[in-house]
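Down below is the structure, laid out as structure tokens.
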Amino acid sequence: MNKNYYAILMAGGVGSRFWPVSTTDFPKQFHDMLGSGDTLIQKTFSRLSKLIPVENILILTNERYNGLVLEQLPMVKQEQVLLEPAMRNTAPCILYASLKIKKLNPDAVMVVAPSDHWIEDEDEFARNLQQCFDFCQKENALMTLGIQPTFPNTGFGYIEFDKTDNNPIKKVNQFREKPDYETAKSFLASGNFLWNGGIFIWSAKAITEAFEKLQPQMDALFKQGLESYNTNNEKQFIDINYAKAEDVSIDYAVMEKAKNVFVLPATFDWNDLGTWGSLHEKLDKDENNNAVVNATVVLENASNNIIRADGKKLIIIDGLDDYIIVDKDDVLMIYPKSKEQDIKRITAIANKL
């Protein structure tokens, strides 16, 4: 296994659209959302460790989830868990982790991956990732794995690549914000647009140089602590300084501004598992397209539903079509799947009760 390969596993999100299962205290990456026996972060860690040494996988998360990470990933040492003392989006934590890795190993190449996505063919994912690592070891490149769009999704950002480029790895023309439906349809028709799945690959040298050039203020802030990184003084520096960083995504801070961005169209099935509806797509279903997780059910005149409960509770449903039914502790949610984007708003209301 290549000692120059590293991973930054992003595990700080709340996953509010999966309420009431996913909560601020126990977000979705720490749940077995698919009923497979492994939590999402466990599946992601296992997938990455097929190519990357276990000791080279860093987990970026919020302070409050430190215990959950160590409990679910017992092979990980505390020094591999990078704790964010404040929520500052993805750019600051990626810069922080990249500077740490570069100090450890100037020849490092790394992948930045969300901890809560679903990938079907893990061997194909490993092949795609190897292709990206090989490219980034030779080129000064910022890379992303683009997802082949299957329908005009308005919930994802898009990556536009040069359609005249016949190479497997394409030069990126630009990143496009989440489009309206008609625009998304035109993206698919043009054939040179991919979904932005938030998986990035680069060398430690390339990404730190990009921050130095494109985000000099943030770069200066985190370089003040360079001497302390990977020592006992690191936590003190981060606790004092991290919250001073701008709240900005890696896409906006670096990827949309850089000129050396490339994309490999992924050849594996992918789902961001961002909503109950996207989870429904990936679960086994009965003859009426109902998906059931951890529940015993009696279903009559019921179709296209996702039903989840704790403790194998018996749930009886008659006459519901296209609903999310979730029983979790003291919350029962019965909600139209067509309105699932409103769950985040409903959660905010419910938390005030």
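The condition of being touching a Lys or Arg at 6+ places or on another chain (Cβ under 8 Å) and more than 22 Å from Met143 (Cα to Cα) holds for only one of Asp38, Asp25, Asp116, that being Asp25. Restricted to region 150-259, the set of helices (runs of 4 or more DSSP H) holding at least 2 residues that are over 30 Å from Leu273 (Cβ atoms) and of a type in the set (D, E, K, R) comprises 204-214, 216-223, 234-241. Could you say whether any residue in region 152-173 is touching a strand residue (DSSP E or B) at 6+ places or on another chain (Cβ under 8 Å), open to solvent by 40 Å² or more (accessible area, probe 1.4 Å), free of Cβ contacts under 8 Å to residues at least 40 places away in the same chain and over 18 Å from Ile8 (Cβ atoms)? Yes: one or more hits.
Looking only at residues of region 98-122 that are modelled with pLDDT under 95 and of a type in the set (Asp, Glu), we find that the one that is surrounded by the most Cβ atoms within 10 Å (Cβ to Cβ) is Asp116.
Filtered by the rule that a residue be farther than 18 Å from Thr61 by Cα and open to solvent by 20 Å² or more (accessible area, probe 1.4 Å), region 236-257 gives Asp251, Tyr252, Glu256, Lys257.
Residues in region 236-272 that are among the charged types (D, E, K, R) and free of Cβ contacts under 8 Å to residues at least 40 places away in the same chain were compared, and the one that is farthest from Ile159 (Cα to Cα) is Lys244. Among the residues making up region 138-151, those that are touching a residue at least 12 places away in the same chain (Cβ under 8 Å), within 30 Å of Asn2 (Cα to Cα) and loosely packed, with under 15 Cβ neighbours inside 10 Å are Asn140, Gln148. For region 298-353, the candidate set comprises residues that are polar (S, T, N, Q) and surrounded by 15 or more Cβ atoms within 10 Å (Cβ to Cβ); within that set, the residue that is nearest to Asn288 (Cα to Cα) is Ser303. Filtering region 287-296 to residues that are within 18 Å of Met33 (Cα to Cα), in contact with a Leu (Cβ under 9 Å, 6 or more places away or on another chain) and open to solvent by 30 Å² or more (accessible area, probe 1.4 Å) leaves Val292, Thr296.
Taking region 59-97 as the range and being among the acidic types (Asp, Glu) and in contact with a strand residue (DSSP E or B) (Cβ under 7 Å, 6 or more places away or on another chain) as the test, the residues that pass are Glu63, Glu84. When Leu95, Leu68 are checked against the criterion of being open to solvent by 20 Å² or more (accessible area, probe 1.4 Å) and touching a residue at least 12 places away in the same chain (Cβ under 8 Å), Leu68 stands alone in meeting it. The residues of region 174-202 that are among the small types (Gly, Ala, Ser) and open to solvent by 20 Å² or more (accessible area, probe 1.4 Å), listed by number, are Ser186, Ala189, Ser190, Gly191, Gly198. When restricted to residues that are surrounded by fewer than 16 Cβ atoms within 10 Å (Cβ to Cβ) and closer than 30 Å to Asp123 by Cβ, region 258-270 contains 3. Cβ separations smaller than 7 Å between residues 6+ apart or across chains give the following pairs from region 174-193 residues that are farther than 14 Å from Ile147 by Cα to residues that are in a helix (DSSP H, G or I) and open to solvent by less than 80 Å² (accessible area, probe 1.4 Å): Pro179/Phe187.
On inspection, Leu332 qualifies as assigned to a strand (DSSP E or B) and without any contact (Cβ under 8 Å) to a residue 40 or more places away in the chain. Residues of region 1-30 that are at pLDDT 90 or above, in a loop (DSSP other than H, G, I, E, B) and open to solvent by less than 40 Å² (accessible area, probe 1.4 Å): Asn4, Ala11, Pro27. Screening Leu264 with (1) among the aliphatic types (A, V, I, L, M); (2) in a loop (DSSP other than H, G, I, E, B); (3) more than 28 Å from Val14 (Cβ to Cβ) gives one miss only, at (2).
Here Gly277 meets the list (1) more than 30 Å from Asn173 (Cα to Cα); (2) among the small types (Gly, Ala, Ser); (3) assigned to a loop (DSSP other than H, G, I, E, B) almost entirely, failing just condition (3).
Considering region 295-311, and only residues there that are assigned to a strand (DSSP E or B) and over 29 Å from the mean Cα position of the chain (by Cα), the residue that is modelled with the lowest pLDDT turns out to be Thr296.
On the stretch given as region 31-58, residues that are among the β-branched types (Val, Ile, Thr), open to solvent by less than 30 Å² (accessible area, probe 1.4 Å) and more than 25 Å from Ser278 (Cα to Cα) total 2.
The values are calculated or read from the model by the stated rules, or taken from the named source; none is laboratory data. Quick caveat, the model's predicted, so the values are computed rather than measured. Cβ: placed from backbone, ideal geometry, glycine included. Neighbour counts: every protein chain shown. We work out accessible area using only protein heavy atoms, side chains counted, and drop any ligands, DNA or RNA first. Shrake-Rupley method; radii C 1.70, N 1.55, O 1.52, S 1.80 Å.
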